[in-house]
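Structure first, then comments.
The values are calculated or read from the model by the stated rules, or taken from the named source; none is laboratory data. Please read these numbers as outputs of a predicted model, since none were measured by experiment. All accessible areas refer to the heavy atoms of the entire protein, side chains included, with ligands and DNA or RNA removed. Shrake-Rupley method; radii C 1.70, N 1.55, O 1.52, S 1.80 Å.
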Amino acid sequence: RWPTSTAKLVFDRFVVDDRGSLVVCHLQLPDEQEVIVASAHLDWQGYSLYLPRGYEGNSPFAKTANPTTDLADIDRLERGSTRLAALQALVQYLNSDRQRRNVPVVLGGDFNDGSHLDWTAQTY
């Protein structure tokens, strides 16, 4: 519906090892305003939310002997994911051009990460 002036793959680990991708498209709206729409399918591995519940973070169906509650272990698994690297690549792309910094951005997709709603009484 709206012309795409630029499409760029900002982060791509999907082809290499299925660890995520992020693409941006620059759209020209009818009023000549530009908007950047970004679509993310972030890394599914290193999902540290599973650890305290007694599951492996790289295999959602594999149980562990005991839940992992050590914050260093949870953080290490989370940082082993490429989710942060993908989002950092997006920020770097957006900040790499002075004009691009003022363009509205819409980011959507599958972030493969939790929210504050994952830690409520209803989720246990």
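Laid out as a table, the results:
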quantity: Rounded tilt (10° steps) of 83-95 against the dominant C-alpha axis of the chain; calculated: 20
quantity: Cα convex hull of the chain - mean projected area over all directions, nm²; calculated: 10.2
quantity: Accessible carbon and sulfur surface of the chain relative to its total accessible area, %, 1.4 Å; calculated: 54
quantity: Residue 107 long-range amide H proximity, modeled H, under 5 Å; calculated: 38
quantity: CD proxy at 222 nm, helix term only [per DSSP H run n ≥ 4: -39500 (n - 2.57); per residue of the chain; nearest 500]; calculated: -6000 deg cm²/dmol
quantity: Beta bridge orientation in the chain: antiparallel %, DSSP, nearest 5; calculated: 75
quantity: Amide H contacts under 5 Å for residue 11, placed H, 5+ residues apart; calculated: 22
quantity: Choice from 53, 98, 76 with maximal GNM fluctuation in the chain (Cα, 10 Å cutoff); calculated: 98
quantity: Accessible area in square angstrom per residue, the chain, 1.4 angstrom probe; calculated: 66
quantity: Whole-Hz couplings from phi, Karplus 6.51/-1.76/1.60, listed for the range 49-58; x for Gly and Pro; calculated: 4, 6, 4, x, 9, x, 10, 6, x, 10
quantity: Under 5 Å, built H, 5+ apart or other chain: amide partners of residue 46; calculated: 58
